[in-house]
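Read the structure below first, then the notes.
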Amino acid sequence: MRIVVIGADGQLGSDLVKTLARDEVSSLYYPDFDVTRPERMRSVLQGLRPAAVINTAAFHRVDECEDDPGSSFRVNAIAVRDLARLASELGFILVHFSTDYVFDGRKGAPYIESDAPNPLNVYAVSKLAGEYFVRSLAEKHFLIRTCGLFGEASCREKGYNFVDRMIALAEEGKPLRVVDDQWVTPTSAAELAERTSDLIRTDEYGLYHLTSEGQCTWFQFAQEAFSLLGRNPRLEPVDSKTFAAKARRPLYSVLENKRAKEIGLKDFSSWNNALRVYLEKKGLIPR
Ligand SMILES: NC(=O)c1ccc[n+]([C@@H]2O[C@H](COP(=O)([O-])OP(=O)(O)OC[C@H]3O[C@@H](n4cnc5c(N)ncnc54)[C@H](OP(=O)(O)O)[C@@H]3O)[C@@H](O)[C@H]2O)c1
């Protein structure tokens, strides 16, 4: 399959490129390929004539988005509109990623694809706007909401992923204050790449929740990482109010992979197992 990966050196993009090794993949990198430059985007994609374009580009430093809604909407919404238009015009399948943060958390139980979103921060509003553009403009699309990615390449936007950040802070001897009232599902970027690769070979287009299995708070996630590493740094659980981040976040944003299960996509592992595999692959614990 002829596939374009946008953001190919990002956390998810790197795992996608590895997973799609048997396909004819064109990897596109920022700033040479910038989704906020529609004319350049058109000419590059016209030249490549892909069957599918996978867009991993995002402006997702969530607290910064509060101060810079312009950049947030330019990358997460307007650029996605331009890409969705091109998808219909050039006839490619658009694969786009969104976030668990489109929900407000009040449900207190895993969210399924048909639950109504109600975003609490600028980042989430801009991602939801992007979702609507994909759904309304791209004839053939896979729109994938995911949560708390950890991948070997680490998150490019943030410069780290949560696990690496925790390990680095512990090594510096810094106190580790971690929120213990936000429930999520940390998700393996490697497994998400594999499921995405399987999904795009079907014609079951539409909206999907794709995350690892199970749920935990960020504090519990950090605890499990240190337990697997056999380390015992001083970890302090804090609540979101004490942490006082600029952007409001849902207290519960666990997603259920309902539709993926219905179409028979292979199940994800639990987040704990995926975390162990991640630490093994990084050489931080023995296999
Ligand atoms: N990370 C998470 O925990 C998480 C959770 C839920 C949903 N998601 C969604 O999952 C997707 C992938 O996340 P990720 O963690 O892989 O992100 P990432 O590591 O930050 O990767 C994003 C990639 O897009 C590139 N990019 C940034 N701005 C661009 C632009 N204007 N034009 C073209 N490329 C651009 C980046 O390049 P540079 O690095 O050179 O800027 C990077 O290669 C995003 O849509 C995100 O919203 C992520």
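For the stretch 200-219, the criterion of being farther than 30 Å from HIS96 by Cβ and open to solvent by 10 Å² or more (accessible area, probe 1.4 Å) is met by at least one residue. Taken over the stretch 263-278, the criterion of being of a type outside the set (D, E, K, R) and either part of a loop (DSSP other than H, G, I, E, B) or modelled with pLDDT under 95 (or both) is satisfied by ILE263, GLY264, LEU265, PHE268, SER269. Being part of a loop (DSSP other than H, G, I, E, B) and buried (at least 17 other Cβ atoms within 10 Å of the Cβ) is a description that does not apply to PRO237.
Can you find a residue in the stretch 6-20 that is within 15 Å of LEU94 (Cα to Cα), open to solvent by less than 50 Å² (accessible area, probe 1.4 Å) and either among the polar types (S, T, N, Q) or at pLDDT below 95 (or both)? The answer is no; no qualifying residue exists. Checked against the criterion of being in a loop (DSSP other than H, G, I, E, B), over 25 Å from LEU275 (Cα atoms) and open to solvent by less than 10 Å² (accessible area, probe 1.4 Å), the stretch 135-147 contains one or more residues that satisfy it.
Restricting ALA124, ALA153 to residues that are within 18 Å of the chain's Cα centre (by Cα), in a helix (DSSP H, G or I) and not β-branched (Val, Ile, Thr) narrows the list to ALA124. What are the residues in the stretch 1-24 that are within 6 Å of the ligand (Cβ to nearest atom) and part of a strand (DSSP E or B), if any? Correct list: ILE6 only. The residues of the stretch 151-184 that are within 11 Å of the ligand (Cβ to nearest atom), at pLDDT 90 or above and small (Gly, Ala, Ser) amount to a single one, GLY151.
Would you pick out the residues in the stretch 168-193 that are of a type outside the set (Ser, Thr, Tyr), touching a strand residue (DSSP E or B) at 6+ places or on another chain (Cβ under 9 Å) and either under 27 Å from PHE133 (Cβ atoms) or part of a loop (DSSP other than H, G, I, E, B) (or both)? Those that are of a type outside the set (Ser, Thr, Tyr), touching a strand residue (DSSP E or B) at 6+ places or on another chain (Cβ under 9 Å) and either under 27 Å from PHE133 (Cβ atoms) or part of a loop (DSSP other than H, G, I, E, B) (or both): PRO175, ASP180, ASP181, GLN182, VAL184, PRO186, ALA189, LEU192.
In summary, THR187 fulfils each of the numbered conditions (1) at pLDDT 95 or above; (2) in contact with a Phe, Trp or Tyr (Cβ under 6 Å, 6 or more places away or on another chain); (3) within 11 Å of the ligand (Cβ to nearest atom) with the single exception of condition (2). Applying the condition of being more than 30 Å from CYS65 (Cα to Cα) and free of Cβ contacts under 8 Å to residues at least 40 places away in the same chain to the stretch 244-272 and asking which residue is most open to solvent (accessible area, probe 1.4 Å) yields GLU262.
The values are calculated or read from the model by the stated rules, or taken from the named source; none is laboratory data. What you see is a predicted model, and the numbers here were worked out from it, not measured in a lab. No Cβ is skipped: glycine too gets one built from the backbone with ideal geometry, and neighbour counts run over all protein chains shown. Ligands, DNA and RNA are stripped out before the accessible areas are found, and what is left, the full protein with its side chains, is counted by its heavy atoms. Shrake-Rupley method; radii C 1.70, N 1.55, O 1.52, S 1.80 Å.
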